[in-house]
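Colleague: Provided herewith is a single structure, encoded as structure tokens, for subsequent inquiry.
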Amino acid sequence: MGIAENLERVQERIHAACGRAGRDADSVLLVAVSKGQPIEAVLLAFAAGQTAFGENYAQELHEKADLLTEAEWHFIGALQTNKVKIVVGHAALVHTCDRLALATELSKRAFLKSVTQRILLEVNVGREPQKGGVLPEQVEGLYKSVQELDALRCEGLTCIPPEGQDPRPHFRALRELSMGMSADFEVAIEEGSTIVRVGTAIFGERPRRGNA
């Protein structure tokens, strides 16, 4: 199946999950994870009606956003403070703010560009040491600190449940969370997610780079 057909199938799954949860499908934003995908694939998805795309790397976000300015671009990867200047001004929403130092740099760069940067606080719900994210008990403190930064607007929480576990308890614990992934986005919707991030189900596996 092609990208347009895949996208239609994902949308059907979103509508079905919203129906099961008694929600309006318009309450869920689909972010197509386009990291590692060629711009041609992104343009095919855009032509099929997809408008929001997610990138993991600052430079790739910068390049694609400049090529497709009509789309809404989201930054969904781990973000180093020295890469913030590339992201602010290109990302409508940064999904991975997990520490005050990063929030402060985002606010500083947004202020210099005369914009308000929208963010989500990333929460490490599974307490996995290899993953980024603020611990659940630290969310309130980080949120209060972020609220004092004039050029930021926090719009919710995001999490990635531990792989291989039932994701529902984690999503349920974060009732107002803001994301899901290809493997569990329907559960995320049923538990209240307002944003789901889906890559493979739309684009297929990412093409390999370099020599095989």
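The values are calculated or read from the model by the stated rules, or taken from the named source; none is laboratory data. Here the structure is a predicted model, which is why all the values come from computation and not from measurement. As a convention, Cβ positions derive from the backbone with ideal geometry for all residues, glycine included, and neighbour counts pool all protein chains shown.
Colleague: Can you name the condition, by its number, that residue 98 falls short on among (1) modelled with pLDDT under 95; (2) at negative phi?
Modeller: (1)
Colleague: Scan the stretch 103-124 for residues that are of a type in the set (D, E, K, R), under 27 Å from residue 137 (Cβ atoms) and in contact with a Gly (Cβ under 6 Å, 6 or more places away or on another chain) and report the count.
Modeller: 1
Colleague: Return the pairs, sorted by first residue and then second, in which the second residue is aliphatic (A, V, I, L, M) and at pLDDT 75 or above, the first residue lies in the stretch 188-212 and is over 14 Å from residue 30 (Cα atoms), the beta carbons are less than 6 Å apart, and the residues are 6+ apart or on different chains.
Modeller: 190/17; 190/21
Colleague: Hey, another quick one. Just one of 14, 86 is part of a helix (DSSP H, G or I) and free of Cβ contacts under 8 Å to residues at least 60 places away in the same chain; which is it?
Modeller: Going through 14, 86 in turn, the sole match is 86.
Colleague: Taking residue 103, is it among the aliphatic types (A, V, I, L, M), in a helix (DSSP H, G or I) and modelled with pLDDT under 95?
Modeller: no
Colleague: Next up: Name the residues in the stretch 70-83 that are charged (D, E, K, R) and free of Cβ contacts under 8 Å to residues at least 24 places away in the same chain, would you?
Modeller: 72
Colleague: Just a yes or no: is a residue in the stretch 26-47 touching a His at 6+ places or on another chain (Cβ under 6 Å), crowded, with 22+ Cβ neighbours inside 10 Å, in contact (Cβ under 8 Å) with a residue 24 or more places away in the chain and assigned to a loop (DSSP other than H, G, I, E, B)?
Modeller: Looking for residues that are touching a His at 6+ places or on another chain (Cβ under 6 Å), crowded, with 22+ Cβ neighbours inside 10 Å, in contact (Cβ under 8 Å) with a residue 24 or more places away in the chain and assigned to a loop (DSSP other than H, G, I, E, B), one finds none in the stretch 26-47, hence no.
Colleague: Could you please find all residues in the stretch 197-207 being buried (at least 19 other Cβ atoms within 10 Å of the Cβ) and in a helix (DSSP H, G or I)?
Modeller: Result: 202, 203.
Colleague: Go through the stretch 53-74 and give me each residue that's buried (at least 21 other Cβ atoms within 10 Å of the Cβ) and acidic (Asp, Glu).
Modeller: 55
Colleague: So residue 81 passes all but one of these: (1) over 25 Å from residue 34 (Cβ atoms); (2) in contact with a helix residue (DSSP H, G or I) (Cβ under 8 Å, 6 or more places away or on another chain); (3) of a type in the set (S, T, N, Q). Which condition number does it fail?
Modeller: (1)
Colleague: Does the stretch 106-126 contain at least one residue that is over 27 Å from residue 163 (Cα atoms), assigned to a loop (DSSP other than H, G, I, E, B), of a type in the set (A, V, I, L, M, F, W, C) and at pLDDT 95 or above?
Modeller: Looking for residues that are over 27 Å from residue 163 (Cα atoms), assigned to a loop (DSSP other than H, G, I, E, B), of a type in the set (A, V, I, L, M, F, W, C) and at pLDDT 95 or above, one finds at least one in the stretch 106-126, hence yes.
Residue by residue, here is whether (1) touching a Gly at 6+ places or on another chain (Cβ under 8 Å); (2) more than 26 Å from residue 109 (Cβ to Cβ); (3) without any contact (Cβ under 8 Å) to a residue 60 or more places away in the chain; (4) not aromatic (Phe, Trp, Tyr) holds:
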site: 126; (1), (2), (3), (4): no, yes, yes, yes
site: 132; (1), (2), (3), (4): no, no, yes, yes
site: 137; (1), (2), (3), (4): no, yes, yes, yes
site: 142; (1), (2), (3), (4): no, no, yes, yes
site: 145; (1), (2), (3), (4): no, no, yes, yes
site: 151; (1), (2), (3), (4): no, no, yes, yes
site: 156; (1), (2), (3), (4): no, no, yes, yes
site: 161; (1), (2), (3), (4): yes, yes, yes, yes
site: 166; (1), (2), (3), (4): no, yes, yes, yes
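Colleague: Just need a number here: residues in the stretch 160-196 that are assigned to a strand (DSSP E or B) and either modelled with pLDDT under 80 or surrounded by fewer than 23 Cβ atoms within 10 Å (Cβ to Cβ) (or both).
Modeller: So the count comes out to 1.
Colleague: Sticking with this one: If you scan the stretch 1-39, which residues turn out to be acidic (Asp, Glu) and either touching an Asp or Glu at 6+ places or on another chain (Cβ under 7 Å) or within 22 Å of residue 92 (Cα to Cα) (or both)?
Modeller: 26
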